[in-house]
1. Would you kindly derive the ³J(HN,Hα) couplings of the stretch 91-101 from the backbone phi angles with the Karplus curve 6.51 cos²θ - 1.76 cosθ + 1.60 (θ = phi - 60°), listing them in order in whole Hz, with x for Gly and Pro?
2. For Phe226, Phe134, what's the largest-to-smallest order of accessible area, 1.4 Å probe?
3. Under 11 Å from the Cβ of Val46, count the other residues' Cβ atoms, weight Lys and Arg +1, Asp and Glu -1, and hand me the total.
4. Could you pull out every one of the lysines with an alpha carbon less than 25 Å from that of Lys203, ignoring same-chain neighbours closer than 8 positions?
5. Calculated from DSSP H runs of 4 or more alone, at -39500 (n - 2.57) each and per residue, what is the 222 nm mean residue ellipticity of the chain, nearest 500?
6. Between Leu53 and Ala67, what length in nm is gained on full extension when 0.36 nm per residue of separation is reduced by their alpha carbon distance?
7. Could you tally the net charge around Ala210, taking each other residue with its Cβ under 12 Å from the Cβ of Ala210, Lys/Arg +1 and Asp/Glu -1?
8. Viscosity 1.002 mPa s, temperature 20 °C: what is the translational diffusion coefficient of the stretch 7-238 from Stokes-Einstein with a Kirkwood Rh over Cα pairs, rounded to a whole number of µm²/s?
Amino acid sequence: MSLAGKRAVVTGGGRGIGRAVCLALAAAGADVLVNYSGSANAAEAVAANCRALGVRAVTCRADVSDAAQANELIAAAIQQLGGVDILVNNAGITRDGLLLRMSDADFEAVLAVNLAGAFHCMRAACRPMMKQRFGRIINISSVVGLRGNAGQANYAASKAGLIGMSKSVAKELAGRGITVNCVAPGFIRTAMTDALAEPVREKLLGEIPAARLGEAEEVAAAVAFFADEAAGYLTGQVLCVDGGMAM
Ligand code: NDP
């Protein structure tokens, strides 16, 4: 696989799965824009690690839930890297709670980052991708978007929404050489899952045929696969990276 000469934007690239995605794309030869909203130092460190792999890498602060900032993010990639060939919508948050107790604010915040954030970035990136008749958009969904999860009505709605949105956009853009796919991770070892209570963790582990948590690098490998030029006939798909959890 080679992504040499390709330019990638990874939202939430400073930590967790996003960090692993930046490094995997850079290892395959892509230049990388590492987006962050709060973790400036972490994003700088990821960019430095990417540069050590021999590619160009820059950082850009943008809250993807804000359409204007998402537009600026894509504009920064065009200005600093010369274009955008690969967009990975990875930025995501959780605000868990049972339906009865879930506030409007918690529902809306999760939809704003996880779903509207991807929408804003795709809308901004699709014009330059259409012009160059090439693009790879990879949206990070979740097995929770396929199966649901008690206490995550907001998160599940955002991740299921990403799948429907990706399939719609895949149909719109397929004729222009742009593919749109989802990677749906299961239970991956990151800050997001470190925050889970021990009984929840034990229960989830019992549902994973592989009987272990996944690693961010295992998700990143699936993203890099979709990003490759050779994956040009694959679009509108959802690839679960979940140790067999969702099958
Ligand atoms: P982390 O909590 O470790 O990282 C979340 C990332 O999202 C951070 O880089 C953060 O950047 C970024 N982010 C949050 N809000 C915004 C925003 N408004 N604008 C831009 N960036 C933002 O999560 P993971 O690495 O675990 O998760 C990454 C993705 O994978 C998420 O979409 C998540 O839903 C999904 N996922 C994770 C699973 C898991 O088991 N870990 C399972 C299934 C899906 P900053 O720190 O700068 O705010």
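1. 4, x, 9, 10, 9, 6, x, 5, 3, 4, 10
2. Details: Phe226 5, Phe134 30 Å².
Per-residue accessible area, sorted high to low, gives Phe134, Phe226.
3. +2
4. Lys159
5. Taking each H run of at least 4 residues, the total per residue is -14000 deg cm²/dmol.
6. Working: separation 14, 0.36 × 14 = 5.04 nm, distance 3.18 nm.
That pair, Leu53 and Ala67, stretches by 1.9 nm at full extension.
7. Neighbourhood net charge equals -3.
8. Working: Rh = 17.6 Å.
D, rounded to a whole number, is 122 µm²/s.
The values are calculated or read from the model by the stated rules, or taken from the named source; none is laboratory data. Fair warning: this is a prediction, and the values are worked out from it, not measured in the lab. Please note: Cβ atoms are built from the backbone with ideal geometry, for glycine as well, and neighbour counts cover all protein chains shown. Side chains are part of the model used for accessible areas, which takes the heavy atoms of the whole protein and leaves out ligands, DNA and RNA. Shrake-Rupley method; radii C 1.70, N 1.55, O 1.52, S 1.80 Å.
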